[in-house]
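This report refers to the structure that appears directly beneath it.
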Amino acid sequence: MDRKKIKTDAKKYLLKKCRICASDRLYTFVSLGAMPIPNGFLSKEELGKKEPYYPLETCVCESCWLVQLSHVIPPELMFKNYLYIPSTSITMLDHFRNMAEEAIQSYRLKPGDRVMDIGSNDGSLLSFFKEQEMKVFGIDPASNLAQLARLKGIDTLDDFFTEELAKRVVPEKGHAKVITATNVVAHVNNLHDLCEGVRLLLDKEGVFICEFPYLPDLISKNEFDTIYHEHLSYFSIQPLITLFKKHNLHIINIKKTSVHGGSIRIHVAPQNSSHQPTNRVQEFIREEALRKINSRSLYEDFGRRVKVIKRDLINYLKKLKNQGKKIVGYGASAKGNVLLNYCNIGTNLIEYIVDSIPYKQGRYTPGTHIPIHAENKLEKDMPDYALLMAWNFAEEILRKQVKYREKGGQFIITIPYLRVE
Ligand code: JHZ
């Protein structure tokens, strides 16, 4: 290990019991090795400094079948100054608009109704509710993002969501008809505290709408690069039913969405509300049993496939380099950094990465130290290949880079299988 890498003490962060059912029957099925936190982009000055490496390993609880990371990294290391801004993508903005419209129609929200968003980021989702004159309130620990939200007129509290915070918020902001949470529940270590806080904040007829990547899609589409330190849990419906039941909450509806490689949007209500589960819940439970999410073999097969994908990608990139081809990366995403560090791909194979987020341009990827430039460098420089590290936006990016492709540039896409487009 080179002198700058600091291998942290894995035992210090080891998960000893399942975060939903407290069982210690945790079966480890994939290890991606030790690597820096995935959004830890470095300035030029930071390149010479020491870089902490944390273990990245995934286990499944053989009692409630929650898939989760085997180590829990302190959240303040990852979320106090956060670089994921979904509103930089047209795909995600459209997605949030749809989510707000669906909630307003489903629950007949009217002007003045209170809507809150946990993990509200830069306020993009809440702004669609605000347009319809709802009273909105955001909660997000990232001070940099809370500031952006406030500039949009979105009332935001920059703190981690907890039951204790909910107790402070209710007297001032009242109860919410709808609480949303997109790509945040999977990042929370204490899910029981989260559920208690949601129950306190919710109106007695209120609904909690949360969305996150769906484990069966991750497994079936080999999306191993979405396994990283931010994502503590990888949800299927079965363990969520166990979780919510412990807090007198229940899932009343579920919708599949395509974002982030396949996600689900679940609607959760107090058990003593008038909301009753639709048959979608039972359909998902039956489907998950058919896909064997509660069998060790599913996870063992996945672990084997991950190793094959790594081997094939490295061999392919080395073959192109030996042919004198120029290869860059496209989309400096967290998942892209997992792929690079797991496959040990650095500037020996990828010369630079282009990305649309100004903050990331001029910085370097964590661990692999590949320079990041603005997107317009791609067509100017015309490398032979671009490894798509934001495959969740493949359609939007390939559409944006039609000229690069017309001039002969090609995208290498690794998920769900290695291909060139
Ligand atoms: P991005 C995200 O992870 C965020 P990430 C989060 N960790 C999560 O839970 C999962 O998804 C589900 C760039 N880009 O944010 C912008 C272009 O360059 O989708 C981003 O840096 N051009 C909360 O970080 C990156 O790609 C474009 O046209 O793995 C995308 O990263 C577009 C659309 C994006 O994934």
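The values are calculated or read from the model by the stated rules, or taken from the named source; none is laboratory data. Quantities reported herein were computed from a predicted structural model and do not represent experimental measurements. Quick reminder, even Gly has a Cβ in these numbers, built from the backbone with ideal geometry, and neighbours come from all protein chains shown. Accessible surface areas use protein heavy atoms only, side chains included; no ligands, DNA or RNA. Shrake-Rupley method; radii C 1.70, N 1.55, O 1.52, S 1.80 Å.
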How far apart, in nm, are the 7 Å Cα→Cβ label points at Ile90 and Tyr27?
4.5
Mind listing the phi-derived Karplus ³J(HN,Hα) values for segment 384-398, rounded to whole Hz, using 6.51, -1.76 and 1.60 with θ = phi - 60°, and x for any glycine or proline?
5, 9, 10, 6, 6, 9, 10, 5, 5, 10, 3, 4, 5, 6, 5
Taking the Cα centre of the chain as origin, sum charge times position over the Cβ atoms of Lys and Arg (+1) and Asp and Glu (-1), and report the length of that vector in debye to the nearest 20.
1040
Going by amide H atoms built from the backbone, whose H comes under 5 Å of the H on Ile353, apart from near neighbours?
Gly329, Ile372, His373
Keeping all protein chains in position, work out how much accessible area Ile266 exposes to a 1.4 Å probe, and write it in Å² to the nearest 10.
0
Rounded, prolate or oblate (a/c below 1.5 giving rounded, otherwise prolate when a/b exceeds b/c) for segment 1-94 by Cα gyration tensor:
oblate
In nm, give the distance between the simple-model label positions of Glu287 and Lys12, each being 7 Å from the Cα along the Cα-to-Cβ direction.
4.2
Ordered by residue, what ³J(HN,Hα) values in Hz, to whole numbers, does segment 266-283 give under the Karplus form 6.51 cos²θ - 1.76 cosθ + 1.60, where θ = phi - 60° and Gly and Pro are x?
10, 10, 10, 9, x, 4, 8, 8, 7, 6, 10, x, 7, 6, 4, 5, 5, 4
Specify whether the C-alpha gyration tensor of segment 323-420 places it in the rounded, prolate or oblate class, a ≥ b ≥ c being the square roots of the eigenvalues: rounded for a/c under 1.5, otherwise prolate if a/b is larger than b/c and oblate if not.
rounded
Judged on accessible area alone, 1.4 Å probe, highest first, Val184, Val207 line up as Val184, Val207
Label the chain by shape, choosing from rounded, prolate and oblate, from the square roots a ≥ b ≥ c of the eigenvalues of the Cα gyration tensor; if a/c is under 1.5 it is rounded, and otherwise prolate applies when a/b is larger than b/c, oblate when it is not.
prolate
With a 1.4 Å probe and all protein chains left in place, how much accessible area per residue does the chain have, in Å²?
42
Paramagnetic reach from Asn248 in segment 179-220 [backbone N under 20 Å; point 7 Å along Cα→Cβ]
179, 191-209
Restricting to Cα pairs under 8 Å and 6 or more apart, the percent relative contact order of the chain works out to 15
Cross-link partners of Lys11 among lysines (Cα-Cα below 28 Å; sequence separation of 8 or more within a chain)
Lys49, Lys50, Lys80, Lys307, Lys310, Lys335
Tabulate in residue order the Karplus-calculated ³J(HN,Hα) for segment 44-53, using 6.51 cos²θ - 1.76 cosθ + 1.60 with θ = phi - 60°, rounded to whole Hz; enter x for Gly and Pro.
4, 5, 6, 4, x, 7, 6, 10, x, 10
Quick check: at a probe of 1.4 Å, how many percent of the accessible area of segment 42-141 sits on carbon and sulfur atoms?
52
So who's got an amide H within less than 5 Å of the one on Val207, skipping anything under 5 residues away but keeping other chains? H placed 1.01 Å off N, in plane.
Val178, Ile179
For His229, enumerate residues with amide H under 5 Å from its amide H, sequence gap 5+ or separate chain, H modeled in the peptide plane.
none
Report, in degrees rounded to the nearest 10, the 0 to 90 angle that the Cα long axis of helix 90-106 makes with the longest principal axis of the chain.
10
What longest range of the chain stays clear of loop-exposed trypsin sites (Lys or Arg not before Pro) (DSSP non-H/G/I/E/B, at most 11 other C-beta within 10 angstrom)?
109-406
Take every DSSP beta bridge whose two residues both sit in segment 86-294, then give the antiparallel share in percent to the nearest 5.
45
Counting Lys and Arg as +1 and Asp and Glu as -1 over every other residue whose Cβ sits under 15 Å from the Cβ of Asn81, the net charge comes to -4
